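Student: Please find one structure pasted underneath; my questions will follow.
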Amino acid sequence: MTPAALLFDLDGTLVDTAPDLGHAANCVRAELGLPPLPEAAYRPVASAGARGLLQVALGMAPGHAGYEARRESFLRHYREHLARASRLFPGMDEVLAALAGRGVRWGVATNKPASLAQPLMEALGLARTCAVLIGGGDVLHLKPAPDSLLRAAATLDLDPARCLYVGDDRRDVDAARAAGMPVVVAGWGYLAGEDPRGWNADGILAQPRDVLALL
């Protein structure tokens, strides 16, 4: 089936945000007099947001004394520099141009708070052509629940089965399955350090340009 619309996860699928997320985490480390960690240390957990980044940066998880204060600091630093070095993954600009040329709508369904996702999309010039953006806070339950994918499909007035979701985390696949939506894994993404072959996706793409073969 040729999809009527494509929906993307944001961090690690559409946009490489690891440099700026890692920068924000290192800013929190600097506040504590700690040296920066390399970007490679943060990349596998970049899709996990503040929870994943602070676990790597400080060994700190929700419930830990001081976690909320460090989380607020992390979010403040990230908000101030969210488009400092974040870019579309190589080849993704061609994919989006091809979608526009074929009249195929595309959108984003992400766990990233909409208050961060929207300005990032605007800063990268993506908001003009994005048909729908559903972020954290727009739905009651985040992925792996299907809420954001179902809402995106409803906004596009499409049956979920006519959309294709592209994501880089197991929860993306689980959410799509629960929504009745075909799903492929962005093999170029962060993948949480896991092997996506066990995620029960409909396919694994090696690079963004492989999306075009599905059209």
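Student: Among the residues of the stretch 86-95, which ones are among the hydrophobic types (A, V, I, L, M, F, W, C) and either modelled with pLDDT under 95 or open to solvent by less than 20 Å² (accessible area, probe 1.4 Å) (or both)?
Tutor: Of the residues in the stretch 86-95, the ones among the hydrophobic types (A, V, I, L, M, F, W, C) are 88-89, 92, 95.
Hits for the stretch 86-95 are F89, M92, V95.
Student: Can you confirm whether V108 is under 22 Å from L191 (Cβ atoms) and at pLDDT 95 or above?
Tutor: yes
Every residue, every condition in (1) of a type in the set (D, E); (2) in contact with a Leu (Cβ under 9 Å, 6 or more places away or on another chain), yes or no:
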residue	(1), (2)
M1	no, yes
L7	no, yes
L10	no, yes
D20	yes, yes
A30	no, no
V45	no, yes
G49	no, yes
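Student: One residue is enough: does the stretch 97-111 have a residue meeting the conditions outside any helix (DSSP H, G or I), surrounded by fewer than 20 Cβ atoms within 10 Å (Cβ to Cβ) and of a type in the set (S, T, N, Q)?
Tutor: no
Student: Within the stretch 100-130, which residues are under 18 Å from A4 (Cα atoms) and out of contact with any Ser or Thr (no Cβ under 8 Å at 6 or more places or on another chain)?
Tutor: G101, R102, G103, V104, R105, V108, T129, C130
Student: Can you give me the number of residues within the stretch 183-205 that are without any contact (Cβ under 8 Å) to a residue 40 or more places away in the chain and either among the aromatic types (F, W, Y) or open to solvent by 50 Å² or more (accessible area, probe 1.4 Å) (or both)?
Tutor: 8
Student: Scan the stretch 150-174 residue by residue and report those that are open to solvent by less than 20 Å² (accessible area, probe 1.4 Å) and touching a residue at least 40 places away in the same chain (Cβ under 8 Å).
Tutor: Residues of the stretch 150-174 that are open to solvent by less than 20 Å² (accessible area, probe 1.4 Å), as a first pass: 152-153, 156, 163-168, 172-173.
Across the stretch 150-174, the qualifying residues are A152, A153, L156, C163, L164, Y165, V166, G167, D168, D172.
Student: Right, something else. Mind listing just one residue for me: the one in the stretch 10-56 that is open to solvent by less than 10 Å² (accessible area, probe 1.4 Å) and touching an Asp or Glu at 6+ places or on another chain (Cβ under 8 Å) and, of those, farthest from D159 (Cα to Cα)?
Tutor: The residue in question is G22.
Student: Still on this structure, please answer the following. Among the residues of the stretch 113-149, which ones are free of Cβ contacts under 8 Å to residues at least 24 places away in the same chain, surrounded by fewer than 16 Cβ atoms within 10 Å (Cβ to Cβ) and among the aliphatic types (A, V, I, L, M)?
Tutor: A127, L140, listed by residue number.
The values are calculated or read from the model by the stated rules, or taken from the named source; none is laboratory data. Note that the structure is predicted; figures quoted are calculated from it, not measured. Because the Cβ atoms are built from the backbone with ideal geometry, glycine has one as well, and the counts that use them run over all protein chains shown. Side chains included, ligands, DNA and RNA excluded: accessible areas come from the protein's heavy atoms. Shrake-Rupley method; radii C 1.70, N 1.55, O 1.52, S 1.80 Å.
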